[in-house]
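Engineer: Here's a structure for you.
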Amino acid sequence: MPAFIALLRQIFHHPWMLAIMAALASAALLLSASIGIALQQMKQSESEQMNAQGERFLERLEQVFGQLREGVDLLQAQPVRGCSPAMLTALQQVSLGSRFIYEAAYVDGDIACSSRGDERAFEPLRAPDIQGPTYSYWLNTTTEPNENLAALMLGRGKFVVSTSRGHLTDVVDLPPGGSLVVVLDNGTRAIPVLGPPQVWPPPSAWSASHKSLLELSDRLIYRMPTKSPDYQLVLIAPRAKLPLKMNGMLWLLFPGSLLAACCIGWLVLQLILQKRSMSSELQNALRRGELQVLYQPIFELDTRRCVGAEALVRWRRPDGTLTSPDLFIPLAENTGQIRQITDFVLQRVLEQLGQLLRSHPNLYISVNLAACDVMVPRIGRVAARLLALHKVAASQIAFEVTERGLIDVVVARDNLQALRAVGHQVLIDDFGTGYSSLAYLQTLPVDCLKIDKAFIDALGHDAASSGVAPHIIRMAHDLHLRVIAEGIECEDQAVLLSSEGVHYGQGWLFARPLNARQFAELVARGHQTGSAM
Ligand code: C2E
Ligand code: CA
Ligand code: CA
């Protein structure tokens, strides 16, 4: 087990190994997805072909049965009976007069004569497969593969007419092993009209109400609509040999998927390398002192008096460009460098503002914590050491934690409780963007909620989220928590929030993040909008 963990660790520390794994995983995924799609398409085209064949076949059957019925009706209506030359003439007239009648015959006990002379003997005639009130039907009168031999026979009285197999096979291209069967006796008996006998009934339940196409693993069964409930016409075709048919398509899919997988692997490698280089750049930035802390003042909304500030980190590169914390904080959280950043911010706050905080005991600075800061008691010890060094009260440093940062609420609760026990305030940041509920909040040792800018933006608009801020405010009041509104950009928002009972706010309306000197000046003046950074 330790060897396996060591191997895993080794893999994850080599970007090219990770890239190969990503490429292999995506190749497997892409290939199986494309094979799946190809199979699906094949199944669909099989079903479509079956439907088309079925429709063509049904049309032909209607024509054939129409003519057979007409022929046998004509013979029944004429007065001649018995095997006389007049009968032969009548039989031949009917046979020649219709395209689909291959043979017409008169059968009365031992006496039998046919339009084809002596070529065909009808004796002994077996009992009909279907006995209707007027007509009798014989199916599969021969299974010999002779296109001229009868496949269907229709009888009325002592007359029978038949159609040849060829009239049925010329419209359907039955695949090898396929059959046309007539299903009788409530689906229990199947007689093949064309093609070999089939295993019947199918393994899954067969009922007249069944959808027209039944797809089994080895064959497709297509049920054609018939007017009579007594019998059903069914076309059965073995399924195409999928692996063989797929070959052509796979040759296209293989190189395509491999190419895409290589691209993904390359992208992963680039991303890892870029992340690595950014994380080593960040390390250098920390060492060279390229990180700075700005302070965004927090105001009492009614009096517009500054009560504190939020410490916000900035990365000013040597060329003067600023990298947003939104870019490097998530990276630092992944690499663990965030601990160094949090310590740096705390240290910088006390170094820059220690004097100001000592002279204004009611002023506070709030510091953002990441998930890993909340999961261990370390930050409390760091703060205690720095506060003692700068002789600042713990109540003047607040900590902001986001809902996302509370991965393990039980552990976080103990650490937050320890921070509060020594006098720090605890704020829940970006409130409303996570899964927080009233019940969850009640269990957390917090002093204040910060409402996310998104909900402040929605205030006064018709958007569905416009009601979120008032809801959070009511919730906070019920729990006796203070509320700070974040991202206030216009006067209307400040007035509305104030009327809703929110006492504190920060945002560009009052001041953008300021450097330590600007913030100290603002505090000295009492209240004033600071200059933009
Ligand atoms: P956040 O904690 O929610 O900080 C508030 C962000 O909203 C800040 O962006 C602030 O400049 C911006 N903001 C304040 N008022 C307004 C306004 O009226 N309009 C607009 N459009 N924006 C406003 P910033 O400084 O870019 O920080 C972004 C995020 O980076 C912070 O969100 C926080 O999650 C993180 N962050 C910043 N500094 C630190 C830090 O020292 N430690 C940690 N762990 N995270 C930090
Ligand atoms: Ca914050
Ligand atoms: Ca926030």
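Engineer: Restricting to the range 44-61, name every residue that is within 35 Å of the chain's Cα centre (by Cα), closer than 18 Å to THR226 by Cβ and surrounded by 18 or more Cβ atoms within 10 Å (Cβ to Cβ).
Structural biologist: The answer is MET50, and nothing else.
Engineer: Just one of (1) surrounded by fewer than 20 Cβ atoms within 10 Å (Cβ to Cβ); (2) farther than 27 Å from TYR440 by Cβ trips up VAL376, so point out which.
Structural biologist: (2)
Engineer: When you look at LEU346, is it more than 10 Å from ligand 1 (Cβ to nearest atom) and within 18 Å of LEU286 (Cβ to Cβ), yes or no? Step through it out loud before you land on a result.
Structural biologist: Working: more than 10 Å from ligand 1 (Cβ to nearest atom): no; within 18 Å of LEU286 (Cβ to Cβ): yes.
Judged against the criteria, LEU346 is not a match.
Engineer: Starting from residues that are away from ligand 3 (no atom under 16 Å from the Cβ) and open to solvent by 80 Å² or more (accessible area, probe 1.4 Å), keep the ones in the range 328-339 and report whichever is farthest from the chain's Cα centre (by Cα).
Structural biologist: Among residues in the range 328-339 that are away from ligand 3 (no atom under 16 Å from the Cβ) and open to solvent by 80 Å² or more (accessible area, probe 1.4 Å), the one farthest from the chain's Cα centre (by Cα) is ARG339.
Engineer: For the range 349-358, name all the residues that are buried (at least 16 other Cβ atoms within 10 Å of the Cβ) and either away from ligand 2 (no atom under 16 Å from the Cβ) or farther than 18 Å from VAL523 by Cα (or both).
Structural biologist: Residues satisfying the conditions are LEU350, GLN352, LEU353, GLY354, LEU356, LEU357.
Engineer: Separate question: With the requirement that a residue be of a type in the set (Phe, Trp, Tyr) and within 16 Å of ligand 2 (Cβ to nearest atom), what does the range 296-326 give you?
Structural biologist: PHE299
Engineer: May I pose another question? Which condition from (1) more than 25 Å from TRP315 (Cα to Cα); (2) touching a helix residue (DSSP H, G or I) at 6+ places or on another chain (Cβ under 7 Å); (3) away from ligand 1 (no atom under 14 Å from the Cβ) is the one that ARG381 breaks?
Structural biologist: So ARG381 meets the others, but not (2).
Engineer: Kindly indicate whether ARG314 is in the same structural domain as THR335 (by TED's automatic domain parsing), part of a strand (DSSP E or B) and either on the phi > 0 side of the Ramachandran plot or basic (Lys, Arg) (or both).
Structural biologist: The answer is yes for ARG314.
Engineer: So ASN362 fits all but one of (1) without any contact (Cβ under 8 Å) to a residue 60 or more places away in the chain; (2) open to solvent by less than 30 Å² (accessible area, probe 1.4 Å); (3) of a type in the set (S, T, N, Q); what number is the exception?
Structural biologist: (2)
Engineer: Name every residue in the range 257-310 that is polar (S, T, N, Q) and exposed (fewer than 14 other Cβ atoms within 10 Å of the Cβ), in order of residue number.
Structural biologist: Matches in the range 257-310: GLN270, GLN274, SER277, SER280, ASN284, THR303.
The values are calculated or read from the model by the stated rules, or taken from the named source; none is laboratory data. What you see is a predicted model; the values in this text were computed from it and never measured. Because the Cβ atoms are built from the backbone with ideal geometry, glycine has one as well, and the counts that use them run over all protein chains shown. Ligands, DNA and RNA are stripped out before the accessible areas are found, and what is left, the full protein with its side chains, is counted by its heavy atoms. Shrake-Rupley method; radii C 1.70, N 1.55, O 1.52, S 1.80 Å.
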